[in-house]
Amino acid sequence: MPPLGLTTLLNVPRSSLPRHVAMIMDGNGRWAKQRGRPRVFGHKYGAERVREIVEQAGQWGIEVLTLYAFSDENWNRPLDEVGVIMHLLEHYLRKERDELNRQNVQFRVIGDLSRLSPSLRKLIAETKELLSANSGLILNVAISYGARAEITRAMKMIASEVAAGRISKEQIDQQLVSSFLDTAGLPDPDLVIRTSGELRISNFLLWQSAYSEFYFAPVMWPDFTRDEFAKAIQHFGSRERRFGMTSAQVAQANSDSSTSVEGLRTC
Ligand code: FPP
């Protein structure tokens, strides 16, 4: 594993960098199995890889990095595996928060935190507080997260607001729905990366990824190096994002200084 502190050079103009990269860190178990080791060995290496990828994302100037660390469905795994992943999350936050602070990283968490242990919840709150004055990369970790559950929570909150007369039915639009999701205030992911070669979305950011580009890395998460990350960003830089329009319309919008393609994210 390369030492921390290195930057992989990126052959992509700044304007082609994704603002928000979301990652499905898949393949820890298979990586360990290939080496004749227990699954948790893969998670341990996976947590090490997180440090490197977070640092690299900040160095490249990516604004938001969302990491899918533990899904709603992952609660159904064997108890000891769940325990190890929760322990690794605690260990990561305790060990890395000062370094994250030094790197000017901000911290957010999405998901149903009510299912987490009080000690992990406390650590999350403390880490948020410690990093709250920072202005760099937003590290957004999805823990106990499922997109369907997130959308259901948002629908219930909106229904309560309507019932209380604070919102009218007519005011419900896509922007309002977004503002009730866990990711409120964050840009939608421009790029979703999944490692391990599996071609699935696995209940991750279903609403937010409506116009994301997808990149499926052939390597398992513990092998997802800075160079692999650079390949994904370079691939993103080569994509034409049309947001439902034609190529000619996109070219026109890009040449018109008063309109940007960003402003055309509608249907
Ligand atoms: C998916 O691989 C990975 C997970 C469910 C856990 C991810 C957790 C970490 C990388 C460690 C802690 C995270 C942070 C943010 C510090 P899998 O077990 O589904 O692999 P498989 O598909 O090969 O079985």
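Laboratory data are not the source of any read-out in this text; all were calculated from the coordinates shown. Here the structure is a predicted model, which is why all the values come from computation and not from measurement. Methodologically, a virtual Cβ is constructed for each residue, glycine included, from the backbone with ideal geometry; neighbour enumeration extends over all protein chains shown.
If you go through region 102-132, how many residues are touching a helix residue (DSSP H, G or I) at 6+ places or on another chain (Cβ under 9 Å) and farther than 25 Å from Ile151 by Cα? Looking only at that region, the number is 9. Tell me, please, whether a residue that is away from the ligand (no atom under 11 Å from the Cβ), in contact with a strand residue (DSSP E or B) (Cβ under 8 Å, 6 or more places away or on another chain) and assigned to a strand (DSSP E or B) can be found in region 21-39. Yes, region 21-39 has at least one match. For region 56-75: of the residues being among the charged types (D, E, K, R) and out of contact with any helix residue (DSSP H, G or I) (no Cβ under 8 Å at 6 or more places or on another chain), which is nearest to the ligand (Cβ to nearest atom)? Result: Glu73. Evaluated against (1) over 15 Å from Leu116 (Cα atoms); (2) surrounded by fewer than 21 Cβ atoms within 10 Å (Cβ to Cβ), Tyr68 falls short on exactly one condition, (2). Listed by position, the helices (runs of 4 or more DSSP H) contained in region 92-203 that have at least 2 residues being within 16 Å of the ligand (Cβ to nearest atom) and surrounded by 20 or more Cβ atoms within 10 Å (Cβ to Cβ) are 118-130.
Please determine whether any residue of region 219-226 is in a loop (DSSP other than H, G, I, E, B) and without any contact (Cβ under 8 Å) to a residue 24 or more places away in the chain. Checked region 219-226: no residue is in a loop (DSSP other than H, G, I, E, B) and without any contact (Cβ under 8 Å) to a residue 24 or more places away in the chain.
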